[in-house]
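All remarks here apply to the structure that follows.
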2 protein chains.
Amino acid sequence: MLIDGNPGRTVPALDRGLHYGDGLFETIAVQAGRPLLLERHLRRLQSGCARLDIPCPDLQLLAGETGQVALGSERAVVKIIVTRGSGGRGYAPPGEPRPLRIVSLHEWPEYPAVARTTGVDVALCRIRLARQPALAGLKHLNRLEQVLARGEVLAAGALEGVVLDTSGFAIEGTMSNLFAIRGDDLWTPDLSACGVEGVVRTEILDRAAAWSLRTVVRECTPEDIATADEAFLTNSIIGVWPLRAIAGRTLRGTARATEIARRLVAEGAIPPP
Amino acid sequence: MLIDGNPGRTVPALDRGLHYGDGLFETIAVQAGRPLLLERHLRRLQSGCARLDIPCPDLQLLAGETGQVALGSERAVVKIIVTRGSGGRGYAPPGEPRPLRIVSLHEWPEYPAVARTTGVDVALCRIRLARQPALAGLKHLNRLEQVLARGEVLAAGALEGVVLDTSGFAIEGTMSNLFAIRGDDLWTPDLSACGVEGVVRTEILDRAAAWSLRTVVRECTPEDIATADEAFLTNSIIGVWPLRAIAGRTLRGTARATEIARRLVAEGAIPPP
């Protein structure tokens, strides 16, 4: 683990990341020593920093540190955290923030292989996501909603759950983005009020046209998902998990989601199964 | 600063407080070496832990550590942070969490004396609070909304601002709770969808009857505040700040808010000016 570039295991107890969740993070899959979609991750981090007015560490520096901690790992996860650092008066950000960066290596989380083939059955989480346009899309450090949602998924013995917002729209999984295929349309929930804009989500939206899919970013009801031809969940680590069923209703198939996963693996965008 | 009871300045970089804001905090005024409303702070922390399913550290232990760091301070602030500790798989809480506790001493923040006498002029912040009943009321570590709101207040050169929720109701100040006096009624915003249930707020609600005020916890519009006889802001450090004006509209007076402040000081509930 590198803390501001130096090997370490601790951070200042006064850091604003701890006190307020005042920062952002990235979770990057490492495959055969190579961090996947690294540039996309770093660009997202940079744009998140810009939105929160945190001076972003140099991206070359972060890329180098990511490579350094990933070195020699066949399969692992690198997590980058950037906080606004210490200082400021109470909630108020300091005038000249000195961001803290943490680049750490984590074990690859093993999920059942069936998740990527047969797909996953998901329930709707009880907790709803609050609608906050000022923070929507950001992978920031205020993640109590996800902690509570993930606790529900764990308690249910499931692999993932779908979270609605307080208006009842389906937004995402507890740790993943959500897509639905309807004819030649590829729907994914609008994230302008809540949710995290995942890098695999963006990658898919950018590639969809080449796969003859028309992207539709819109409000999606749970019904929209349940009645789709197919649906699937994505993140940098799980890649693509087809949805076998949502809230007890089985979807028509998983063939096209599986094909999207195959192409993304071939492009080096997501890890192979 | 005490970290799990030991003098220290750093915390584990894998702590969930940093990664997810998975924890709670208290900010306690110390006056002549004595932490004010300590029992109320600790009880709130305990009930917050219960809501988030974090095992709460022993309250006697926390009281002892608070006293230890406050020892000899004429006027200071003690901050207690309790996190869910390290561990768990991603967002999912660990099965047997080992909470981390940080008890730290901070300089007394000096605000202009006029804030407690003439009162403060507040604007309405542009950022709105998201409505999230699952976290409402809690003094948790997900405070990006407050960071952004406080940034607005600072940029405006003001002492405090009032924050509305996404439905347009006035909820609180960026670091304080909000009250309005209308006849013999004492209004304060309902915090079941968002906001922090401050200990001074609770103290006032508990004492109001003895002051011949009827408490009314309800949805308050900015108009309700602007047209009240008086209004005021409270927290453990500032005590009571009368509102001189809100969004450019001057309130009728400050006498009763000042009287409430005087009584709370006399009771040892808030620090003297």
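Computed from the coordinates by the stated procedures, all read-outs in this text should not be read as laboratory data. Worth saying up front: this structure is predicted, and the values here are computed from it rather than measured. Cβ coordinates were reconstructed from backbone atoms using ideal geometry, including for glycine residues, and neighbour counts include every protein chain displayed.
Within the stretch A:94-186, report the GluC sites (Glu not before Pro) that DSSP leaves as loop and that have at most 16 other Cβ atoms within 10 Å. Here the sparse-neighbourhood loop sites are A:Glu110. Rounded to the nearest 0.05, what FRET efficiency do B:Thr227 and B:Ser192 have when you use their Cβ-Cβ distance and R0 = 35 Å? Approximately 0.90, to the nearest 0.05.
Around the amide H of A:Leu100, modelled in the peptide plane, lie the amide H atoms of A:Thr83, A:Arg84, A:Gly85, all under 5 Å away and 5 or more residues distant in sequence or on another chain. Amide H contacts of A:Val11 (H built 1.01 Å from N, in plane; Pro and chain starts excluded): B:Val11, B:Ala13 sit under 5 Å, all sequence-distant by 5 or more or on other chains. Calculated over the stretch B:114-266, the projected area of the Cα convex hull averaged across directions stands at 8.1 nm². The simple spin-label model puts a point 7 Å past each Cα toward its Cβ; for B:Leu61 and B:Glu107 those points are separated by 3.2 nm. Summary for A:Ala158: label point 7 Å along Cα→Cβ; distances to the equivalent points in the other copies, ascending, 4.2 nm. Near B:Thr221, the amide H atoms lying under 5 Å from its own belong to B:Ala170; only residues 5 or more places off or on other chains count, and H is placed 1.01 Å from N.
Applied to the stretch B:12-29, the Karplus parametrisation 6.51 cos²θ - 1.76 cosθ + 1.60 on θ = phi - 60° returns per-residue 3J(HN,Hα) values of x, 5, 9, 4, 5, x, 6, 6, 10, x, 8, x, 9, 8, 9, 10, 10, 6 Hz, with x for Gly and Pro. Database note for chain B: Cys without another Cys beta carbon under 4.7 angstrom, B:Cys125, B:Cys194, B:Cys220.
For the protein assembly as shown, the spread of Cα positions along the three principal axes, ordered from largest to smallest, is 71, 47, 39 Å. Treating the stretch A:106-185 as a set of equal point scatterers at the Cα positions, no solvent, please give the Debye-formula log₁₀ I(q)/I(0) at q = 0.20, 0.26 Å⁻¹. Ignoring solvent entirely, the Cα scatterers give -1.02, -1.36. Remark: the stretch B:185-201, residue by residue, has Karplus-estimated 3J(HN,Hα) of 9, 10, 8, 8, x, 5, 10, 7, 10, 6, x, 10, 7, x, 6, 5, 4 Hz, where x stands for each Gly or Pro and the curve is 6.51 cos²θ - 1.76 cosθ + 1.60 at θ = phi - 60°. Bridging of B:Lys139 to lysines at a Cα separation below 20 Å is possible for B:Lys79, once same-chain residues fewer than 8 apart are set aside. For the stretch B:70-87, 3J(HN,Hα) computed residue by residue from phi via the Karplus equation (6.51, -1.76, 1.60; θ = phi - 60°) reads 7, 3, x, 7, 6, 7, 7, 10, 9, 10, 10, 10, 10, 10, 6, x, 8, x Hz, glycine and proline entered as x. In this structure, B:Leu71 and B:Thr202 have a Cβ-Cβ separation that, at R0 = 35 Å, corresponds to a calculated FRET efficiency of about 0.85. Between A:Ala209 and A:Asn6, the distance separating the two model label sites (each 7 Å from Cα on the Cα→Cβ line) works out to 4.9 nm. With the label put 7 angstrom out from Cα along the Cα-to-Cβ vector, A:Arg263 ends up 7.0 nm from the copy partners, going from closest to farthest.
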